[in-house]
Amino acid sequence: QVQLVESGGGLVQPGGSLRLSCAASASISSIYLMGWYRQAPGKQRELVARITNGGTNYADSVKGRFTISRDNAKNTLDLQMNSLKPEDTAVYYCNAQKGLMTYWGQGTQVVVSS
């Protein structure tokens, strides 16, 4: 069992930056795949970025603006978000896939607005 707790969301102006963090209750060194997803009002949850112990990949809409990283020693997963746009407004969720189990955090709200 892994509990995931996100933090770092908030209100930011267009063009601004935020850093989201996800703290895991157990070691993530054995978790091959972790990621960030988001869900905007009235839309389906979508993948933002994911990371393994060997690489990363990003949704086209965030490439070049967002950076995902993990710290296996601290059991954390981060998402650095730069050049934020109003369309990035959503609840952001941390995800971990360990074996056949999928774990989700409770989400953190990001609002990009002037």
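The values are calculated or read from the model by the stated rules, or taken from the named source; none is laboratory data. The model shown is predicted, which means the values in this text are computed figures rather than measured ones. We place every Cβ from the backbone using ideal geometry, glycine too, and count neighbours over all the protein chains shown. These area figures cover heavy atoms from the full protein model, side chains too; ligands, DNA and RNA do not enter into them. Shrake-Rupley method; radii C 1.70, N 1.55, O 1.52, S 1.80 Å.
Taken residue by residue, region 40-51 has at least one member that is more than 18 Å from residue 110 (Cα to Cα) and not charged (D, E, K, R). Restricting to region 1-51, count the residues that are under 17 Å from residue 61 (Cα atoms), part of a strand (DSSP E or B), of a type outside the set (A, V, I, L, M) and open to solvent by 30 Å² or more (accessible area, probe 1.4 Å). Result for region 1-51: 4. Within region 1-14, residues that are within 12 Å of residue 103 (Cα to Cα) sit with their Cβ atoms under 9 Å from residues that are of a type in the set (D, E, K, R) and not in a loop (DSSP other than H, G, I, E, B), at 6+ positions apart or across chains, in these pairs: 2/98.
None of 84, 77 is surrounded by 14 or more Cβ atoms within 10 Å (Cβ to Cβ) and in a strand (DSSP E or B) except 77.
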